[in-house]
Amino acid sequence: MAKLGFMLTLGPFQFENWETACNIAKAALEKGHEVKMFLYLDGVYNPIKLQTFPDLPVMPKDRVAELVAKGAKITACGICVNARGLEKGKDFIPGVVVGGLPDFAEIVSEVDKLITL
Amino acid sequence: MVQRSVLITINRPPYGSIYYTEGLRAAVGVTSGIDENIVTVVYLGDGSYFTLKGVDRKDTDKYLSTLKKQGTRLIVQKESLQERGIKESEIETDFEILPTKEILDLMQRVDFTMDF
Amino acid sequence: MGNLYLINKEYGENGLKLAEYDGEAVVVLIQDGVYIDPALYPNKAKIYAIKQDVQKRGLNDRLHKRVECIDYSQLVDLIVENKVINFA
């Protein structure tokens with residue numbers, strides 16, 4: 001089994017990257033691979049707890065929660081979190097950790113494949 | 001955990017989006033772990049506009065100087081310059097000019113790629 | 001292990017130009033990457049596209065004959081078998 005690393009730099013609602021990332025990660029987890037995802041820049045908006053948007057059948061945060069439930073490790077960039085006024089991760093769904101680029105460097109050292117979206 | 005080599009491409013021009021600087025912050029970040037991963041930064045397409053001499057680099061200087069100290073290669077694609085009518089003399093001397101084939105060779109040798 | 005070029009539209013062309021020189025290139029078109037002009041497809045590369053992204057854009061019948069549709073499970077297999085060259 002392989003370890004897949006992801007860096008997601010775009011937020012929900014405006015671009016499709018979060019959806020592609022969730023779809024690849026979900027398929028990978030279902031095949032028994034490991035997933036480690038680093039949320040960078042607007043990527044940190046994806047697992048916000050209080051998302052609501054009538055036009056989307058499933059909220060991005062619920063897709064991320066599904067990945068967490070299947071064993072994915074999700075880390076959000078702390079500088080990006082602070083820049084956006086998110087309160088040290090209190091705004092996130094459970095299972096999303098706030099870290100920094102050294103955590104991403106660690107992901108790079110650990111994984112077999114790296115996907116950036 | 002092992003040391004990894006990463007080739008980072010920057011594809012968007014400065015300043016319309018934040019990627020020209022956040023890509024460099026990520027490049028520094030990738031090297032920051034205990035394994036001291038190695039990065040190479042390659043400017044492709046419109047990203048090549050960042051390598052022009054006149055570009056204001058106030059917000060990227062700190063990343064560029066950290067990368068230079070670490071011996072990181074900063075590369076711009078020769079064909080991207082040609083397609084845009086940019087002369088090699090217009091490029092800041094910190095950037096190496098390499099043809100696509102040689103960039104592909106580098107890509108073959110690294111463990112991972114990232115794009116900004 | 002070959003190279004898997006993950007291509008979206010914004011600057012996917014940069015990736016396709018590299019893939020043109022790459023004897024073992026596998027291209028996967030994602031998102032608006034499915035709109036890229038087939039004239040830009042690398043000559044020798046195998047070209048895939050994500051089925052969902054093609055279908056929801058109504059492009060099923062307009063897809064170039066070189067393009068084969070795959071699902072996410074197949075994409076994961078390709079990711080595991082190749083080095084990912086990210087352009088999305």
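Values in this text are rule-based calculations from the coordinates and carry no lab data. Computed from a predicted structure; not experimentally measured. Because the Cβ atoms are built from the backbone with ideal geometry, glycine has one as well, and the counts that use them run over all protein chains shown.
Mean Kyte-Doolittle hydropathy of -0.5 or higher plus an axial Cα length of 18 Å or more: which whole DSSP H helices in chain A meet both? Passing helices, by number: A:17-30. Ordering A:Phe92, A:Phe6, A:Phe15 from the fewest to the most neighbouring beta carbons within 10 Å gives A:Phe15, A:Phe92, A:Phe6. Between A:Thr116, A:Leu56, A:Ala25, whose Cα lies farthest towards the positive end of the dipole of chain A when Lys and Arg beta carbons carry +1 and Asp and Glu beta carbons carry -1, centred on the Cα centre? With unit charges placed on the Cβ atoms, the residue in question is A:Ala25. Taking every DSSP beta bridge that has both ends in the stretch B:26-116, the antiparallel portion is near 10%.
Taking every alpha-carbon pair under 8 Å whose residues sit at least 6 apart, chain B reaches a relative contact order of 36 percent. Taking 20 Å as the limit for the C-alpha separation, the pairs A:Lys31/A:Lys70; A:Lys113/B:Lys78; A:Lys31/C:Lys65; A:Lys49/C:Lys56; B:Lys58/B:Lys78; B:Lys78/C:Lys9 exceed it in the case of A:Lys113/B:Lys78; A:Lys31/C:Lys65; A:Lys49/C:Lys56; B:Lys58/B:Lys78; B:Lys78/C:Lys9.
Footprinting exposure proxy ranking of B:Val2, C:Val28, fewest other C-beta atoms within 10 angstrom first, gives B:Val2, C:Val28. Taking a straight line from the alpha carbon of B:Lys53, these aspartates and glutamates sit under 17 Å away, with near neighbours fewer than eight places off in the same chain left out: B:Asp61, B:Glu88, B:Glu90, B:Glu92, B:Asp94, B:Glu96.
Among beta bridges from DSSP that stay inside chain A, the antiparallel ones total about 5%. Averaging 1/r over every pair of different alpha carbons in the protein assembly as shown and inverting the result gives a Kirkwood radius of 19.9 Å.
Per the Kirkwood formula applied to alpha carbons, chain C shows a radius of gyration over Rh ratio, Rg over Rh, of 0.92.
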